[in-house]
Amino acid sequence: MGRFNGLNPDLAVYAERLYLWAEANGLRPRITSVLRTRQQQTILYERYLRGQSRFPAAPPGRSLHEQGLAFDMVTSDQGRSAGGVWNAAGGRWSPNDWVHYEYRG
């Protein structure tokens, strides 16, 4: 499960299952972000505020990526199928930030 290094171990199990499901269903999944440092989150947040990112970013210190409780995954259908599966399983996904999957907790 190297693609999910840094995630909470319990979440990583479900993230891997979602990834394999997406792969098996021809959605060409690609993991783009898992655990982030505060510095990485700051850079993403500042880019978002300047309008240089099409995806929202939480302020530093408020991102679940910094806690290992979220991951970003691109799919060929912009997350619609995998997002539905993730939400049905108890996670949180939104079409407004279709790459972002998080642990509802």
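Readers should treat all values here as calculations from the given coordinates under stated rules, not as data from a laboratory. Fair warning: this is a prediction, and the values are worked out from it, not measured in the lab. Because the Cβ atoms are built from the backbone with ideal geometry, glycine has one as well, and the counts that use them run over all protein chains shown.
Placing +1 at every Lys and Arg Cβ and -1 at every Asp and Glu Cβ, with all other atoms neutral, what dipole size does the chain have around its Cα centre, in debye to the nearest 20?
Magnitude of the dipole: close to 220 debye.
When only Cα pairs under 8 Å and 6 or more residues apart are kept, what is the percent relative contact order across region 2-102?
Relative contact order, region 2-102: 28 percent.
Would you mind calculating the gained length between residue 31 and residue 49 on full extension (0.36 nm times residue separation, minus the Cα-Cα distance), in nm to one decimal?
4.1 nm is the gain from fully extending residue 31 to residue 49.
May I ask you to list the residues of region 65-105 whose amide nitrogen lies under 12 Å from a point 7 Å from Cα along the Cα→beta-carbon direction of residue 3?
So the set is 72-76.
Where in region 49-83 is the amide nitrogen less than 11 Å from a point lying 7 Å along the Cα-to-Cβ axis of residue 94?
Of the residues in region 49-83, 56-58 have backbone N under 11 Å from the label point off residue 94.
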